[in-house]
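Read the structure below first, then the notes.
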Amino acid sequence: MERISFVGLGVVGLITQVCFASRGYYTIGVDSDEQKLRTLRSGNLPFHEPQLRELFDEAKINVKFSDDIDYAIENSRLTFITVGTPSKPDGCIDLTQIMHVCRAIGRALRNKSEYHGVVVKSTIVPSTTDNVIKRILEEESNKNIGKDFGLVVNPEFLREGTGVNDTFHPHLLVIGSSDKRSQEELERLWLEFYNKDAPVILMTNCVNAELIKYANNAFLATKVSFINSIANICQKFDGADVEKVAKAIGMDPRIGPLFLKAGPGYGGSCLRKDVKALISVSQAIGFYPTLLMAVDQVNELQPMQVVELAKSVLGDLKGKIIAILGVAFKKDTDDMREAPSIKIIRHLLQHGAKVRAHDPMALESLKKIFGGEIIYAKNKFECLTNADCCVILTEWDEYKSMKPDDFVKYMKTPCIIDGRRIYNANDFVHSTKYFAIGLKPDKEQLTNTYKIKNQRKRRLE
Ligand code: UGA
């Protein structure tokens, strides 16, 4: 079996490495972060990802970690580049890391006599492979693509939280290259990896492969901003509910049901960054991307909908205790990157609210952002205790299973703002003040505080 190296051990790099190792491939993971390497070498993972722990334990024998690209190139036949391509402050993509590793890979290839495959998995704007990566690799190695080494773009569609499953069961593989041999070598590897379960493999050139990745993420972001816009409209009409609307339009096969969940806006390390990079690259080539700009703008403003809802429900936020359930950008991850909760908490604090937060995984990351400005609850019930309002910002299963009584029992006023639409409104409106993104609160709810107070009193008696 091929020996494979991975340069850049973030979510994509590490998950892909461990998945290959679990299927018997000898793998070398390279990263420049010494702390991360120490964590990995001691058998721990630097981030939470379902199923990865078990897979890592099983596959340890096939996994090695190093900070040395020369060693990785020398001891493998194929290298996946999986380093980050973050946004610069103006939204355009920062290629520093990828250029740095390409130079190092190129230099290492100079000393290698056998053919070596280079596979770009990092997300890069159109024409980067042909105009930047290919040039660097050829210059540094003094060798030629196709003859001495291969170069392929193989974009990644895995999601955090379901990354292992997505790697084993992708909907599609895209292999972009200008060189037939490189393309066929990678296709062979993936067919071997998937054995009888191979997904559709689409062969194309580098620029299309790069564009497919951006178009994919931009479309997902568009769906989320679209449904959030509809949610904001729903919120103005008595009896309107975005959940009902989304369910119906999702049944139209031309639309489809996924990515139509209204919420506080998309977060994470990818959608926001990729939409901004596509906007930036479009402008650089003289195209004004009106739609993408709107998608981005809707998302920037969406967290404020939650703050506005809190203000309309509680009036003056000064001194009010607000319990935040969930801060990670989505469930099953400890990732806080671009999480809407950050903006929401910041605004609540600016309005004088006292914020107490809980998350099953992401509290340590939250502490790094807010330090002593907020209170960190050990569990969801501690978070709710004596709170004036509870705001749900991540759809963790442990919150989904909560009942109205849990809120009635612990809170000063059982007032809920469901920012993720995790509850059925009908189950909650009778015993709590229940408000949600994309749901117009009716007048009865706004005036049922007395009923709720009495209920709570009865329960405590
Ligand atoms: C996203 C893409 O889904 C992956 O296909 C892609 O490989 C990845 O980016 C990447 O480029 O690396 P990810 O960021 O892990 O994956 O998470 P998503 O599941 O796409 O969720 C992104 C954000 O959108 C989350 O904050 C989520 O809560 C939000 N979202 C998603 C909604 O608000 N509503 C929805 O209906 C779906």
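What's the extension gain from residue 75 to residue 32 if we count 0.36 nm per residue and subtract their Cα-Cα distance?
Numbers: separation 43, 0.36 × 43 = 15.48 nm, distance 1.79 nm.
Value of the extension gain: 13.7 nm.
In terms of Cα to Cα distance under 14 Å, which aspartates and glutamates are near enough to residue 276, apart from those fewer than 8 places away along the same chain?
The reachable aspartates and glutamates, counting only those whose Cα sits under 14 Å from residue 276, are 90, 94, 296, 300, 338.
Sorting 139, 2 on the 10 Å Cβ count, fewest up front, what's the list? Walk me through the numbers before you get to the answer.
On the way: 139 12, 2 16.
Starting with the residue having the fewest Cβ neighbours, the order is 139, 2.
Using only the alpha carbons of segment 21-64, what is the convex hull's orientation-averaged projected area in square nanometres? The partial results should precede the final answer.
Numbers: hull surface 12.0 nm².
About 3.0 nm², averaged over all directions.
Among the aspartates and glutamates, which fall within straight-line cross-link reach of residue 147, defined as a Cα-Cα distance under 12 Å, with same-chain neighbours fewer than 8 residues apart omitted?
Partners within reach: 114, 138, 179.
Under a plain spin-label model, where a point goes 7 Å from the Cα along Cα-to-Cβ, how far apart in nm are residue 3 and residue 205?
3.6 nm
Would you compute, from DSSP H runs of 4+ residues alone, the mean residue ellipticity of the chain at 222 nm, taking -39500 (n - 2.57) per run and dividing by the full residue count, rounded to the nearest 500?
-13500 deg cm²/dmol
Rank-order 325-337, 400-412 by packing density, defined as the average count of other C-beta atoms within 10 Å over each peptide's residues, highest first. All intermediate terms of the calculation are to be shown ahead of the outcome.
Working: 325-337: 23.6, 400-412: 16.8.
Put in order of decreasing packing, that is 325-337, 400-412.
Given axes a ≥ b ≥ c from the Cα gyration tensor, I'd like to know whether segment 294-392 is rounded (a/c under 1.5), prolate (a/b larger than b/c) or oblate.
Working: a/c = 1.69, a/b = 1.03, b/c = 1.65.
It is oblate, given that a/c is not under 1.5 and a/b is not larger than b/c.
Give me the count of lysine pairs in segment 319-402 whose alpha carbons sit under 14 angstrom apart, restricted to pairs 8 or more positions apart or on different chains. Don't skip to the answer; put the middle values down first.
Details: 320/354; 330/400; 331/400; 367/378; 380/400.
Lysine pairs, 8 or more places apart or on different chains, close enough: 5.
Quick check: from the Cα gyration tensor, does segment 4-129 come out rounded (a/c under 1.5), prolate or oblate?
Numbers: a/c = 1.84, a/b = 1.20, b/c = 1.54.
Oblate is the answer for segment 4-129, as a/c is 1.5 or above yet b/c matches or exceeds a/b.
Between residue 139 and residue 159, take the C-beta separation as r, use R0 = 45 Å, and let me know the FRET efficiency to the nearest 0.05. Don't skip to the answer; put the middle values down first.
On the way: r = 36 Å, r/R0 = 0.80.
Computed FRET efficiency for residue 139 and residue 159 comes out at 0.80.
Taking R0 as 25 Å, what's the FRET efficiency between residue 254 and residue 198 from their Cβ-Cβ distance, rounded to 0.05? Let's see the in-between values first.
On the way: r = 28 Å, r/R0 = 1.12.
Approximately 0.35, to the nearest 0.05.
Give, in nm to one decimal, the length gained when the segment between residue 219 and residue 236 is fully stretched (0.36 nm per residue of separation minus the Cα-Cα distance).
Details: separation 17, 0.36 × 17 = 6.12 nm, distance 2.64 nm.
Stretched fully, the residue 219-residue 236 segment lengthens by 3.5 nm.
Assuming 0.36 nm per residue, please report the length gained on full extension of the stretch residue 304 to residue 412 beyond their Cα-Cα distance.
On the way: separation 108, 0.36 × 108 = 38.88 nm, distance 2.44 nm.
Here the answer is 36.4 nm.
When the distances between all Cα atoms of the chain are binned every 20 Å from zero, what whole-number percent does each bin get?
23, 49, 24, 3, 0
Throughout, read-outs are computed from the coordinates displayed, never taken from laboratory work. Every value quoted in this text rests on a predicted model; they were computed, and no experiment measured them. Cβ coordinates were reconstructed from backbone atoms using ideal geometry, including for glycine residues, and neighbour counts include every protein chain displayed.
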